[in-house]
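Working notes, beginning with the structure itself.
The values are calculated or read from the model by the stated rules, or taken from the named source; none is laboratory data. Treat the numbers as computed from the prediction; the structure is a model and nothing was measured. No Cβ is skipped: glycine too gets one built from the backbone with ideal geometry, and neighbour counts run over all protein chains shown. Remember, those area values only see protein heavy atoms, side chains included, never the ligands or the DNA or RNA. Shrake-Rupley method; radii C 1.70, N 1.55, O 1.52, S 1.80 Å.
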Amino acid sequence: NTISAVEFTPHKFMASTHLAKDEEEDTVLPLLDFLRAAATRRLARAIDKSILRGTGALTGFTASPSNSIVAGTGYASVIEGLTNLASDASLSVATGSGNDKADPSDIASARTSLGKYGLQLGNDLVFITSIEGYNNLVTTSDFQTVDKFGPNATYLTGSVGAVYGIPIAISEFMDNVGATGNHLGLLCYKPGFMIAERRGIEIESEYEPRQQVTAMYMSTRFDFKALTTNSSAALDSSKYSYAVVVDAG
């Protein structure tokens, strides 16, 4: 066997916030906990968007991602996410039109495109869809035949559960219908990817007397890549079909 390596480069994700001394004095409730929670959400959302929709187009230590996701393209990030990795390898299936939502038949087509990895069930596969996609899947007959009655019925719990044995996850960062090429869903073989964490989320703070503000900084360093022997850890349709994106069109 030829020994190969996947090289991970830790990228820093950072969020900062400030609390003025006057604001802290003039409020009844302590604001620092609220600001800490808000900064945590901002950092978590940026990480989620990067892993799922990142384009890998940004470089450099001071690269600042935009806040918006471009439908059909992705999110400006130093990390190339799942949808872009799949699209670059032409691992995609299309619905009937730009306004046709993803349904169980599209999940079945994506599963076929995964090849041998599509045979894995349980926690190895996951289908990620938008809120719109979730609302569409719960109306399909394939979904209605699963756990229709009983204490764990999906109608009662409000959970999508699984389609063809594949768990469904919901993300607000996937696209809705409306244009050809929008990324409506993603079928992913999870063991094919790794998050290499160099440092977990670290919180630091300092008081700046001149400005009379408390500054808080939150940061983490990690990388995300597919476990392949291709250049730049890219996917392909023959050996490393770890993810398939469902596009509108």
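Things to note:
- Qualifying residues in region 215-239 (those that are open to solvent by less than 20 Å² (accessible area, probe 1.4 Å) and among the aliphatic types (A, V, I, L, M)) - the one nearest to the chain's Cα centre (by Cα): Ala226
- Criterion (at pLDDT 90 or above, open to solvent by less than 40 Å² (accessible area, probe 1.4 Å) and under 30 Å from Phe127 (Cα atoms)) met by exactly one of Ile69, Ile47: Ile47
- Within region 94-112, the set of residues being farther than 16 Å from Tyr134 by Cα, hydroxyl-bearing (Ser, Thr, Tyr) and surrounded by fewer than 15 Cβ atoms within 10 Å (Cβ to Cβ) comprises Ser97, Thr112.
- Subset tally (residues that are of a type in the set (Ser, Thr, Tyr) and in a helix (DSSP H, G or I)) for region 215-241: 2
- Filter pass, Ala233 being at positive phi and either touching a Pro at 6+ places or on another chain (Cβ under 8 Å) or of a type in the set (A, V, I, L, M) (or both): yes
- Checklist (1) hydroxyl-bearing (Ser, Thr, Tyr); (2) in contact (Cβ under 8 Å) with a residue 40 or more places away in the chain; (3) buried (at least 17 other Cβ atoms within 10 Å of the Cβ) applied to Thr40, failing item: (3)
- Taking the criterion of being open to solvent by 10 Å² or more (accessible area, probe 1.4 Å) and modelled with pLDDT of 95 or more, the residues of region 240-249 that qualify are Tyr240, Tyr242, Asp247.
- Residues in region 1-19 that are closer than 30 Å to Ser231 by Cα, open to solvent by less than 50 Å² (accessible area, probe 1.4 Å) and in a strand (DSSP E or B): His11, Phe13.
- Residues that are modelled with pLDDT under 90 and not in a helix (DSSP H, G or I) were ranked within region 20-37; the one that is surrounded by the fewest Cβ atoms within 10 Å (Cβ to Cβ) is Val28.
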